[in-house]
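Asks: Here it is, the structure in full.
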Amino acid sequence: MIGSYLKTARRNVLHNKLFSFLNVAGLAISMSVGLLLIAFVLDLRSYDRFHKHGDRIYRITTILTSGREQTSKFASTSIKTGKLIREKVTGTEEVAIVRDFSQDAQVGDHILPLKGFWAEPSLLRIFTFPMQEGNPDTALKEPYSVVLTETAAKKLFGNEPALGKAIRFDSLNYRVTGIMKDIPFFSHIHFEALVSLSTAEQLNRHDKDFESWTNMSLNYVYLRLPEKAERAAIQSQLDAIAREENRAEDNSKIQLELLPLYQIVVGENLRDMRGSVGPHMPPVVLWILGGLAFVVILSACFNYTNLSMARAMRRFKEVGLRKAIGAGKSQVWQQFLVEAILISLAALFLSFVFFLVLRPQLINLAPEMQRTVKLDLTPYRVVAFIVFSVTVGVIAGFMPALFFSQISAIRALKNGAAPAYPSGNGLKNIPIRRALVVIQYTFTLIFITTTAIGYVQYKNILAFDLGFNTENILNIQMQGNKPDVLLKELSEMPEVTGLSRSFIITSVGNAWGGFMKYNDSRDSALVLTNHVDENYLELHEYKLIAGGNFRARPTTASAATEVIVNQQVLKRLNIAGNDPQKAIGEEVTFSSFHVNSRRMTIVGVMKDFHYGKVDNLIEPVAFMPWTPENRAIINVKLRSNDMPATLAKIESTWKKIDRAHPFRAQFYDEAIEEAYSEFSVLIRIIGFLSFLAISIASMGLFGMVVFTTETRRKEIAIRKVMGASSGNLVYLLSRGFLILLSISALIALPITYLFFENVVLTRFPYHTPVQVAELFVGLLAVLLIAILLIGSQTIKAARSNPAKVLKSE
């Protein structure tokens with residue numbers, strides 16, 4: 001029976017080449033998106049699955065509440081948290097504390113920057129990171145011990161054995177106690193070296209803040225729980241630790257939570273004191289991409305349904321004969337379902353070709369994408385693709401199969417007329433295929449309009465007035481080098497018109513800060529900070545509305561007593577009645593995770609500006625004097641007619657100063673554009689899906705127009721004989737399709753507008769309103785394509801010779 005189904009399906013596919021081509025092409029295009037999404041999701045679900053006890057591993061999340069400020073969730077936590085968990089929490093198998101590590105490794109004259117973690121031996125018991133040489137239980141036990149990955153060991157020692165050799169970090173000798181395999185791609189943490197945490201404890205033994213409860217910067221704590229462990233019991237013990245430690249804190253309160261290992265990459269977006277916690281994808285993004293892909297696939301399925309049901313007249317007698325010779329409803333239903341699955345499997349081969357072409361394009365959309373997914377083929381994924389193809393075939397063929405299985409054999413053989421198309425609730429006398437056309441074009445218009453609005457909003461964000469100047473400013477990362485030598489070299493270049501130093505680059509998502517108090521010791525405000533020198537404000541053209549620039553040049557952070565604040569600081573702490581002039585000379589108390597509480601004098605008040613991204617409200621910000629203790633970024637103002645040559649000149653100067661580190665510099669405007677790359681990627685993806693949606697819808701419309709003009713050829717000929725003009729005939733044939741497109745527009749445009757104004761743009765407090773032109777650009781594009789498709793076929797039919805059509809009548 002199945003063989004009979006396949007033969008009949010193959011015959012019908014070959015007999016209707018145009019419609020089969022449209023169905024296969026539409027399904028192939030849409031299914032390629034599905035294949036990409038399947039590979040993308042499977043990659044994300046592959047993270048950390050290689051760990052033996054991954055389902056029992058957790059990371060500690062810190063929830064920080066400061067004063068009256070909103071709470072924030074951090075991926076990092078304090079070293080003290082890890083030690084308290086090890087001491088007081090019962091029911092854990094292992095606890096590991098890790099801390100970010102980044103230094104230059106020196107072997108002889110060879111210098112190589114290495115990134116990794118200060119770590120405890122328990123880390124190698126919690127995670128499955130196989131050791132090739134050395135004992136994992138003791139490799140990180142002693143101070144000044146280091147474990148290298150295969151690649152790092154080869155870079156440092158070549159083909160020579162590395163175990164037991166010495167490496168110098170910051171003028172201190174470390175011994176290589178282990179060599180491990182390279183970290184798999186699908187790991188949320190990546191490192192080249194692990195250095196014993198006991199070393200960091202020795203180096204920071206005089207720093208009382210190193211293990212303080214609130215020092216969350218750069219530290220992470222992982223747990224492994226026993227099988228069938230009660231998370232609620234562990235959580236209650238964490239809550240008890242937090243309550244006890246918070247009693248000694250005035251500025252902030254901390255809560256601790258367990259985060260499962262498999263929810264780190266695909267899970268809640270967490271902040272981090274170092275700005276990045278490895279690959280991350282919010283679940284909402286997957287839902288959005290999945291929804292968009294589903295809509296595109298559904299559009300192709302609608303095409304199949306519409307074209308199959310439109311051709312009902314041609315297959316009506318076929319079904320009647322089948323039923324007359326004994327075929328039941330189930331056999332007819334199965335026949336048409338097998339036909340749809342066969343077309344879907346044929347489309348799978350073509351969609352796989354599209355997948356291979358589109359895969360590198362998707363990966364190269366953004367650097368973050370390259371670090372997150374690979375989209376490689378595996379046997380498991382091939383099986384998933386086939387299952388997906390069969391599923392699409394079932395969805396596409398379900399309605400036609402149901403429709404044809406309900407046909408009465410007597411009625412079909414008696415008059416050969418198809419029954420009225422089934423109607424959905426609310427559609428009444430409107431055939432369901434027309435409703436499908438409306439739904440299909442509604443989604444298509446939503447896609448295109450969303451792309452147009454999103455692109456305009458994205459461009460507005462990049463051109464947004466941040467409150468300071470970023471044009472032709474090059475930010476150079478000093479990477480641990482002292483900036484004085486490079487500053488001197490740059491100052492002698494004629495292309496350089498200004499120089500300054502800063503601790504971080506603002507407005508691109510970086511953040512640093514602490515707590516500030518004024519007169520009320522019980523009221524502290526979280527204030528974002530940057531450490532800048534006396535040239536920074538002028539170079540970036542910040543607007544001072546009261547006071548002046550820094551006067552002193554402190555050499556240590558503890559000696560810095562001057563601060564420049566923005567208007568939001570005055571407003572938040574009610575300093576001098578929010579009067580900028582009167583605020584000059586007022587004293588505030590500032591403390592952070594790294595610096596003890598100290599009194600500082602306000603010497604300047606600057607106009608509010610965007611310290612963070614523009615999807616955040618303007619917050620309280622303070623600038624403090626840059627000191628040699630701070631990390632350095634050199635800000636270079638350039639004026640050049642040949643910018644590439646100028647950059648090459650600066651890079652050449654850098655190589656004279658530092659041969660170990662690559663030149664890392666970026667124009668401010670490029671950094672801002674990169675900061676919003678996620679929006680750019682999303683717009684490109686939606687734009688690409690819009691192109692696919694309109695292509696699929698156009699193929700479906702083309703097929704419907706061809707079929708309609710073919711079935712109405714005699715009507716057209718008679719009307720032409722009776723005196724109808726070509727214009728009248730074009731209007732007659734195209735009117736129904738244009739009405740359907742108009743209905744789609746009346747549904748799609750208000751939905752898109754309300755979605756952006758009430759959902760999307762509410763995240764951007766400084767967005768520009770949606771313009772009418774952005775709404776109608778998609779409609780005009782769709783109408784133009786539809787008119788060309790409809791017009792080309794209807795004009796051809798209208799110009800046909802009625803004598804040839806009616807000669808057999």
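Rule-based calculations on the coordinates, nothing more; no lab input. Quantities reported herein were computed from a predicted structural model and do not represent experimental measurements. Every residue, glycine as well, gets a Cβ built from its backbone with ideal geometry; the counts of neighbours run over all protein chains shown.
Asks: May I ask you to sort SER76, SER217, SER299, SER742 by Cβ crowding, counting other Cβ atoms within 10 Å and putting the fewest first?
Replies: Starting with the residue having the fewest Cβ neighbours, the order is SER742, SER217, SER76, SER299.
Asks: Give me, ordered by chain and number, the residues 5 or more places off HIS531 or on other chains with an amide H under 5 Å from its own placed amide H.
Replies: PHE503, ILE504, MET624
Asks: So, one more: What is the P(r) of region 54-263, as percent of Cα-Cα pairs per 5 Å bin from 0?
Replies: 1, 7, 15, 19, 17, 15, 11, 8, 4, 2, 1, 0
Asks: Here is a follow-up. Find, among the trypsin sites (Lys or Arg not before Pro) in region 619-711, those assigned to loop by DSSP (not H, G, I, E, B) with at most 16 other beta-carbon atoms within 10 angstrom.
Replies: On the way: sites: ARG631, LYS637, ARG639, LYS649, LYS655, LYS656, ARG659, ARG664, ARG684; in loops: ARG631, ARG639, ARG659, ARG664.
Passing both the DSSP loop test and the Cβ count: ARG631, ARG639, ARG659, ARG664.
Asks: Separate question: Return a whole-number percent for the relative contact order of the chain, with Cα pairs under 8 Å and 6 or more residues apart as the contact set.
Replies: On the way: 1382 pairs, mean separation 121.6, N = 809.
Relative contact order for the chain comes out at 15 percent.
Asks: Could you tell me what fraction of 2.2 N^0.38 Å the Cα radius of gyration of region 431-582 comes to, as a two-decimal ratio?
Replies: Values: Rg = 23.9 Å, N = 152, 2.2 N^0.38 = 14.8 Å.
Relative to the 2.2 N^0.38 Å estimate, region 431-582 comes out at 1.61.
Asks: Can you flag which of LYS115/LYS141; LYS155/LYS488; LYS141/LYS482; LYS115/LYS165; LYS459/LYS482; LYS582/LYS637 are past 29 Å Cα-Cα? Could you put the intermediate results ahead of the total?
Replies: Working: LYS115/LYS141 20 Å; LYS155/LYS488 33 Å; LYS141/LYS482 33 Å; LYS115/LYS165 19 Å; LYS459/LYS482 37 Å; LYS582/LYS637 33 Å.
Beyond 29 Å: LYS155/LYS488; LYS141/LYS482; LYS459/LYS482; LYS582/LYS637.
Asks: Moving to a separate point now. Assuming 0.36 nm per residue, please report the length gained on full extension of the stretch VAL383 to LEU732 beyond their Cα-Cα distance. Intermediate values should be presented prior to the final figure.
Replies: Values: separation 349, 0.36 × 349 = 125.64 nm, distance 4.86 nm.
Computed gain between VAL383 and LEU732 is 120.8 nm.
Asks: Rg (Å, one decimal) plus Dmax (Å, integer) for the alpha carbons of the chain?
Replies: Gyration radius and largest Cα-Cα distance of the chain: 33.8, 105 Å.
Asks: Now, a different point. Over the alpha-carbon set of region 23-115, divide Rg by the Kirkwood Rh and report the Rg/Rh ratio to two decimals.
Replies: Values: Rg = 22.4 Å, Rh = 18.8 Å.
Ratio value, two decimals: 1.19.
Asks: Order of HIS661, HIS110 from fewest to most other C-beta atoms within 10 Å? Present the calculation step by step, with values, prior to reporting the outcome.
Replies: Working: HIS661 18, HIS110 12.
Ordered from fewest to most neighbouring Cβ atoms within 10 Å, HIS661, HIS110 come out as HIS110, HIS661.
Asks: Something else about it: Of all chymotrypsin sites (Phe, Trp or Tyr not before Pro) in region 744-807, which ones are in loop regions per DSSP and have a Cβ with at most 15 other Cβ atoms within 10 Å? If you can, show how the numbers build up before the last one.
Replies: Details: sites: TYR753, PHE755, PHE756, TYR766, PHE776; in loops: TYR766.
Here the sparse-neighbourhood loop sites are TYR766.
Asks: With 10 angstrom as the radius, rank LEU286, LEU784 by how many other C-beta atoms surround their C-beta, starting from the fewest.
Replies: Values: LEU286 15, LEU784 10.
Placing the least packed residue first, the sequence is LEU784, LEU286.
Asks: Given H placed 1.01 Å from N in the peptide plane, which residues other than close sequence neighbours of SER592 have an amide H under 5 Å from its amide H?
Replies: Residues meeting the amide H criterion: PHE515.
Asks: Computed over the Cα atoms of region 496-638, what is the convex hull's projected area averaged over all directions, in nm²?
Replies: Working: hull surface 32.9 nm².
With every direction weighted equally, the projected area is 8.2 nm².
Asks: For ILE545 and HIS190, what does the FRET efficiency come to when R0 = 45 Å and r is the distance between their Cβ atoms, rounded to the nearest 0.05? Intermediate results must be reported in sequence, preceding the final value.
Replies: On the way: r = 46 Å, r/R0 = 1.01.
Given R0 = 45 Å and the Cβ-Cβ separation, E is 0.50.
Asks: If the viscosity is 1.002 mPa s and the temperature 20 °C, what translational diffusion coefficient in µm²/s does Stokes-Einstein give for region 715-809 when Rh comes from Kirkwood over Cα pairs?
Replies: On the way: Rh = 16.4 Å.
Rounded, D is 131 µm²/s.
Asks: Using a Förster radius of 41 Å, what is the FRET efficiency between ASN159 and LEU617 based on their Cβ-Cβ separation? Nearest 0.05, please. Before the final figure, lay out the partial values.
Replies: Details: r = 56 Å, r/R0 = 1.37.
For ASN159 and LEU617, the calculated efficiency is 0.15.
Asks: Can you list residues from other chains, or at least 5 along the same chain, whose modelled amide H is less than 5 Å from the amide H of ASN472?
Replies: For ASN472, the qualifying residues are ASP669.
Asks: Mind ordering 344-356, 83-95 by average Cβ neighbours within 10 Å, highest first?
Replies: Details: 344-356: 19.4, 83-95: 16.1.
Output ranking for 344-356, 83-95: 344-356, 83-95.
Asks: Between Rg and the Kirkwood Rh of region 171-245, both from Cα atoms, what is the Rg to Rh ratio? Walk me through the intermediate numbers first.
Replies: Working: Rg = 17.1 Å, Rh = 16.5 Å.
For region 171-245, the value is 1.04.
Asks: While we're on this one: Can you work out ³J(HN,Hα) from phi for every residue in region 157-162, in order, using Karplus 6.51 cos²θ - 1.76 cosθ + 1.60 and θ = phi - 60°, giving whole Hz and x for Gly and Pro?
Replies: Using θ = phi - 60°, the values come out as 10, x, 8, 6, x, 9 Hz.
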